[in-house]
Amino acid sequence: MDFRFDIIIDYLPLLLKGTLFTIGISIVAIIMGSILGLGITFGQMSRLWIVRLPMMGYIHFFRGTPLYVQILIVHFGIVPFFIGSTNPIVAAILALTLNCAAYTAEIYRAGIQSIDKGQVEAAHSLGLSHFQTMRHVVLPQAIKRMIPAFGNEFIVLIKDSSLVAVIAAPEIMYWSNAMRGQYYKVWEPYLAAAFIYLVLTYSLNKLLVYIERKV
């Protein structure tokens with residue numbers, strides 16, 4: 001096998017650009033997805049069925065359908081409906097955010113339900129409202145327990161972001177496919193992409209282990 005490092009070097013600036021794009025959309029998606037997921041969590045835990053059922057339907061849809069399909073629906077359907085034309089960057093961020101929200105909602109729910117109900121009852125007996133109880137008693141403890149799960153979701157999100165290459169979002173796999181198309185080589189572009197993803201996920205895993213120990 002004639003492995004050519006020179007074509008990897010030629011595409012290195014573009015691969016680095018794609019890496020920054022991947023990191024950027026992943027960070028935006030995890031932040032927006034976490035915020036949206038928290039709202040969905042409170043919705044699905046509501047006593048009102050008219051609020052609870054749509055939130056549960058949202059979670060089942062995004063957890064039960066492939067992200068690849070969701071990206072195509074957002075890119076060719078949702079984004080053009082709202083802005084008149086499609087945009088791969090907007091579609092990539094929106095699709096990853098909506099998908100991430102469904103998974104973070106379940107992380108929040110599991111974390112909140114892991115807190116002993118006696119603490120909630122004690123907070124209510126002290127005169128705290130439901131909102132104050134969640135803010136000052138439940139969530140501070142639950143978030144500590146959710147850090148590993150959130151870390152895993154972030155790692156999965158970085159790897160899943162490779163799927164947005166199908167809508168020409170300029171991330172790592174987009175430029176790897178461009179390299180393959182120009183040089184008709186397979187090993188070089190895809191091994192380079194695999195190495196970059198490995199570095200990203202390994203570094204993030206080490207960072208999360210450090211944060212978990214500190215917390």
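Distances longer than 18 Å among the Cα atoms of region 1-75: what percent of all pairs is that?
64 percent
At residue 56 and residue 76, where each label point lies 7 Å from the Cα along Cα→Cβ, what is the point-to-point distance in nanometres?
Calculated label separation equals 3.3 nm.
Evaluate the distance, in nm, between pseudo-label points positioned 7 Å from the Cα of residue 143 and of residue 114 along their respective Cα→Cβ axes.
Modelled inter-label distance: 1.5 nm.
Taking a threshold of 24 Å on the Cα-Cα distance, which of the pairs 117/214; 17/144; 144/206; 185/206; 17/159; 117/206 fall above it?
117/214; 17/144; 185/206; 117/206
With a cut-off of 8 Å between alpha carbons and a minimum separation of six or more residues, what is the relative contact order of the chain in percent?
30 percent
So how far, in whole Å, is the C-alpha centre of region 177-215 from the one of region 63-85?
Going from one Cα centre to the other spans 26 Å.
What nm distance separates the two modelled labels at residue 156 and residue 210, each placed 7 Å from Cα along Cα→Cβ?
Between residue 156 and residue 210, the label points sit 2.5 nm apart.
Angle between the Cα long axis of helix 139-160 and the longest principal axis of the chain, 0 to 90 degrees, nearest 10?
20 degrees
Rule-based calculations on the coordinates, nothing more; no lab input. All values derive from a computational prediction rather than experimental measurement. So basically every Cβ, Gly included, is an ideal-geometry build from the backbone, and we count neighbours across all protein chains shown.
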